[in-house]
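The values are calculated or read from the model by the stated rules, or taken from the named source; none is laboratory data. Fair warning: this is a prediction, and the values are worked out from it, not measured in the lab. Methodologically, a virtual Cβ is constructed for each residue, glycine included, from the backbone with ideal geometry; neighbour enumeration extends over all protein chains shown.
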Amino acid sequence: MPPGRRARWPLRLCLAALALVIAAIPASAADTLRVGFQSTGTFAWVLDVIRRHGLAEGAGLDIRVSEFASPDAGKLALNGGSVDIAISDWLWVARERALGSKLLFYPYSSAVGAVMVRRDSPVKELADLKGRVLSVAGGPLDKSWLLVRAAALRRGIDLKREATLQYGAPPLMYQKLQHGEADAGLNFWNFCARLEAAGFRRLLDVRDAESELGIAEPVAMIGYVFTEAFAAGHRGLIDRFLKAARAASDIMERSDAEWDALRPMIRAEDEATFAVMRDRTRAGFPRRSIEKEIGDARKLFRTLAELGGSELVGPAKELDPGLYYDPSANRDQQGIEVR
């Protein structure tokens with residue numbers, strides 16, 4: 001065999017080996033994002049849509065999830081650094097920032113609860129609660145309770161003084177109203193949805209209370225929360241995640257078939273409950289600009305600060321303008337580097 005031909009064989013073998021090595025390397029490695037969520041929350045449904053439709057892979061993300069039994073567990077995980085993003089309360093983030101913890105918030109849902117009564121209840125308006133028992137999910141500083149109380153005060157009704165109040169966990173308050181141990185109950189939206197499907201009616205929606213306080217559109221009360229330190233080096237990653245989550249909510253808004261796939265996770269007692277849960281979730285997805293969210297959130301914060309004081313909002317009297325994360329802002333505006 002000619003010497004020149006003998007020299008080409010090793011080259012061909014090298015090229016073939018190199019091709020095998022290149023084929024074994026992923027085109028682009030996915031970025032890992034650690035996301036925490038409450039097992040009973042609606043964000044679990046969004047994550048399932050993201051998974052089934054390959055939205056994370058499409059965004060170059062490897063989402064590692066941590067499931068929590070309560071919102072407080074998610075807050076601890078976020079503060080402890082075991083997750084990068086968690087779903088939490090807007091007001092908690094505002095308070096943490098006022099106390100020096102640099103957290104950022106991006107809207108996820110504006111779904112809120114309501115004051116519920118039995119369909120045949122003689123209670124027709126807030127004034128009828130005078131002298132009656134009102135159960136309140138959460139405690140005396142629960143934001144929904146403070147908003148309802150503020151709206152009632154505008155009507156000349158001081159529910160704190162004129163009604164008998166019961167505070168407790170949402171499931172317990174739900175049962176008290178069902179069993180007739182309370183004349184009315186203020187609860188979280190998902191428990192209200194089940195009550196609505198069971199024949200209870202809304203006396204006052206928290207959204208209506210917001211309107212009476214001058215809030216033009218629903219404020220997203222829960223959202224995605226992450227630290228400024230994490231955002232400083234991972235803005236591009238965060239933006240890709242938010243885009244994937246938005247795509248999932250778009251699918252949930254337009255497709256009834258998608259909700260059939262989610263039905264086992266929702267665990268609705270019957271078709272009526274399922275329909276209310278679906279419709280209330282869809283209505284809660286925010287669709288307005290960050291600027292508009294901030295404008296109404298400032299008004300809301302002033303009202304809550306006035307009623308709840310420093311125990312609720314910390315030392316701040318006004319909403320910190322840096323609380324909201326804005327994907328459309330350039331890096332100089334928020335001091336965050338894109339990577």
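Among the residues of the stretch 173-186, count how many are part of a loop (DSSP other than H, G, I, E, B) and on the phi < 0 side of the Ramachandran plot.
Of the residues in that region, 4 qualify.
Test of understanding: among 72, 48, which residue is in contact (Cβ under 8 Å) with a residue 40 or more places away in the chain and either in the same structural domain as residue 323 (by TED's automatic domain parsing) or not basic (Lys, Arg) (or both)?
48
Exactly one of these conditions fails for residue 135: (1) surrounded by 21 or more Cβ atoms within 10 Å (Cβ to Cβ); (2) in the same structural domain as residue 67 (by TED's automatic domain parsing); (3) of a type in the set (S, T, N, Q). Give me its number.
Only one criterion in (1) surrounded by 21 or more Cβ atoms within 10 Å (Cβ to Cβ); (2) in the same structural domain as residue 67 (by TED's automatic domain parsing); (3) of a type in the set (S, T, N, Q) is unmet by residue 135, namely (2).
Looking at 208, 239, 183, which one is acidic (Asp, Glu) and in contact with a strand residue (DSSP E or B) (Cβ under 6 Å, 6 or more places away or on another chain)?
183
Would you check which residues across the stretch 31-73 are under 17 Å from the mean Cα position of the chain (by Cα) and of a type in the set (D, E, K, R) and list them?
Those that are under 17 Å from the mean Cα position of the chain (by Cα) and of a type in the set (D, E, K, R): 34, 48, 67, 72.
Please specify each residue of the stretch 188-218 satisfying the condition of being among the β-branched types (Val, Ile, Thr) and not in a helix (DSSP H, G or I).
The answer is 215, and nothing else.
Go through 84, 31 for me and flag whichever is crowded, with 19+ Cβ neighbours inside 10 Å and in contact with a helix residue (DSSP H, G or I) (Cβ under 6 Å, 6 or more places away or on another chain).
84
Failed condition for residue 193, given (1) aliphatic (A, V, I, L, M); (2) surrounded by fewer than 21 Cβ atoms within 10 Å (Cβ to Cβ); (3) under 17 Å from residue 111 (Cα atoms), with all others met?
The failed condition is (2).
Report whether or not residue 119 is surrounded by fewer than 16 Cβ atoms within 10 Å (Cβ to Cβ), of a type in the set (Lys, Arg) and touching a strand residue (DSSP E or B) at 6+ places or on another chain (Cβ under 8 Å).
For residue 119, the condition - surrounded by fewer than 16 Cβ atoms within 10 Å (Cβ to Cβ), of a type in the set (Lys, Arg) and touching a strand residue (DSSP E or B) at 6+ places or on another chain (Cβ under 8 Å) - is met.
From the list 194, 202, pick out the single residue that is touching a Cys at 6+ places or on another chain (Cβ under 8 Å), among the basic types (Lys, Arg), touching a residue at least 24 places away in the same chain (Cβ under 8 Å) and assigned by TED's automatic domain parsing to the domain that holds residue 144.
On inspection, the qualifying residue turns out to be 202.
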